[in-house]
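Everything on this sheet refers to the single structure shown next.
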Amino acid sequence: MKYVVTAILIGLGLAISVPMVAHSANITYTDKQITITGRLLSGDYQNLQRVIDRTGIKSVRLNSNGGSAIEGYQLGYTISRNKMSTVINKGDVCLSACAVAFLGGAHKYNYGVLGFHVAWSKQKGKDFNDGMKVGQMFGSVDSIYLFNMGYTAQLNLLISQITTKDNFLVLSSSDLKLFEMKDKDYTKFFDISNKWAADRIYEPYRLYLLTKENR
């Protein structure tokens, strides 16, 4: 299964990575904590692993607007495999692929802004069937990832239903706990009111006000 998932991740990385500038995230560290800032690009998880191997540090601070969707999963698996804690400091944001990586933490500390949204891609010259194929593959990867990280399918379903590339589902630490699996029951959902969801959807201007307030 590990090799099948890796192959899918590689294939999807070519298909749905969001276009961005060609430099990787900035990874720095102190005696006790690794910090990842900037856009997430292919290969950042390997750079993170090199720092972990060199330092043995078990805490990673995340401050990023996101980047490559697949890199978020790769970073999350790296964080999980090394039994690290994930931290979002007050004044920091962790959005999109960064939020996916945050879920890999053995212990999670969110004092900033954690925002999830549906993966998206700018692609031309592709027909409907190509989009469906990539979507189904991506959904499989996402489902496997959430299960491995201990979250129910409801989190993925909610994100895909109510977010777009421009808005985010912003969750507090207590909100996130609602989606944690109990007794490995991936399909157990809790009741969500329309107001609950609406209160946590942030379009760009509202998100800007939230991050400004959080600082």
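Step by step: first the residues of the range 170-215, then only those that are among the basic types (Lys, Arg) and outside any loop (DSSP other than H, G, I, E, B), then the one that is surrounded by the most Cβ atoms within 10 Å (Cβ to Cβ). Which residue is that?
Per the criteria, the residue is Arg206.
Of the residues Lys184, Lys177, only one is modelled with pLDDT of 95 or more and basic (Lys, Arg); which?
Lys177
For every residue, the table says whether it meets (1) hydrophobic (A, V, I, L, M, F, W, C); (2) at negative phi; (3) at pLDDT 90 or above.
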{"site": "Gly66", "(1), (2), (3)": "no, no, yes"}
{"site": "Thr78", "(1), (2), (3)": "no, yes, yes"}
{"site": "Arg81", "(1), (2), (3)": "no, yes, yes"}
{"site": "Val87", "(1), (2), (3)": "yes, yes, yes"}
{"site": "Leu103", "(1), (2), (3)": "yes, yes, yes"}
{"site": "Lys108", "(1), (2), (3)": "no, yes, yes"}
{"site": "Ala119", "(1), (2), (3)": "yes, yes, no"}
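Look at the range 90-118 and say how many of its residues are closer than 15 Å to Leu207 by Cα and out of contact with any helix residue (DSSP H, G or I) (no Cβ under 9 Å at 6 or more places or on another chain).
The number of residues fulfilling the criteria is 0.
Can you name the residue in the range 102-117 that is among the small types (Gly, Ala, Ser) and part of a loop (DSSP other than H, G, I, E, B) and is also surrounded by the fewest Cβ atoms within 10 Å (Cβ to Cβ) among such residues? Walk me through it before giving the result.
First, pick out the residues of the range 102-117 that are among the small types (Gly, Ala, Ser): 104-106, 112, 115.
Retained after the next criterion (residues that are part of a loop (DSSP other than H, G, I, E, B)): 104-106, 112.
On the way: Gly104: 25, Gly105: 21, Ala106: 12, Gly112: 21.
My answer is Ala106.
Residue under question is Lys165, and the condition is that it be assigned to a helix (DSSP H, G or I), open to solvent by 30 Å² or more (accessible area, probe 1.4 Å), more than 25 Å from Ser80 (Cβ to Cβ) and of a type outside the set (Gly, Ala, Ser); does it hold?
Taking the combined requirement at face value, the residue does not satisfy it.
Output the residue which, of all residues in the range 15-35 that are more than 15 Å from Ala69 (Cβ to Cβ) and in contact with a helix residue (DSSP H, G or I) (Cβ under 7 Å, 6 or more places away or on another chain), is modelled with the lowest pLDDT. Explain how you work it out, then say what you get.
Here is the first cut: in the range 15-35, the residues more than 15 Å from Ala69 (Cβ to Cβ) are 21-24, 26-35.
Retained after the next criterion (residues that are in contact with a helix residue (DSSP H, G or I) (Cβ under 7 Å, 6 or more places away or on another chain)): 24, 27, 29, 34.
Values: Ser24: 81, Ile27: 97, Tyr29: 97, Ile34: 98.
So, considering only residues that are more than 15 Å from Ala69 (Cβ to Cβ) and in contact with a helix residue (DSSP H, G or I) (Cβ under 7 Å, 6 or more places away or on another chain), the one modelled with the lowest pLDDT is Ser24.
Do you know which of the residues in the range 143-162 that are modelled with pLDDT of 95 or more and polar (S, T, N, Q) is most open to solvent (accessible area, probe 1.4 Å)?
For the range 143-162, the residue satisfying everything is Asn148.
Write out, first by first residue and then by second, each pair whose Cβ atoms fall under 8 Å of each other, whose residues are 6+ apart or on separate chains, and whose first residue, in the range 194-215, is more than 12 Å from Lys90 (Cα to Cα) while the second is of a type in the set (S, T, N, Q) and outside any helix (DSSP H, G or I).
Close Cβ pairs (under 8 Å, with a partner that is of a type in the set (S, T, N, Q) and outside any helix (DSSP H, G or I)) amount to Ile201/Thr163; Ile201/Asn167; Tyr202/Asn167; Glu203/Asn167; Pro204/Asn167; Leu207/Asn167.
The values are calculated or read from the model by the stated rules, or taken from the named source; none is laboratory data. Only a predicted model underlies this, so the values are computations on that prediction, with no experimental measurement involved. No Cβ is skipped: glycine too gets one built from the backbone with ideal geometry, and neighbour counts run over all protein chains shown. Keep in mind that these areas ignore ligands, DNA and RNA; they rest on the heavy atoms of the full protein, side chains included. Shrake-Rupley method; radii C 1.70, N 1.55, O 1.52, S 1.80 Å.
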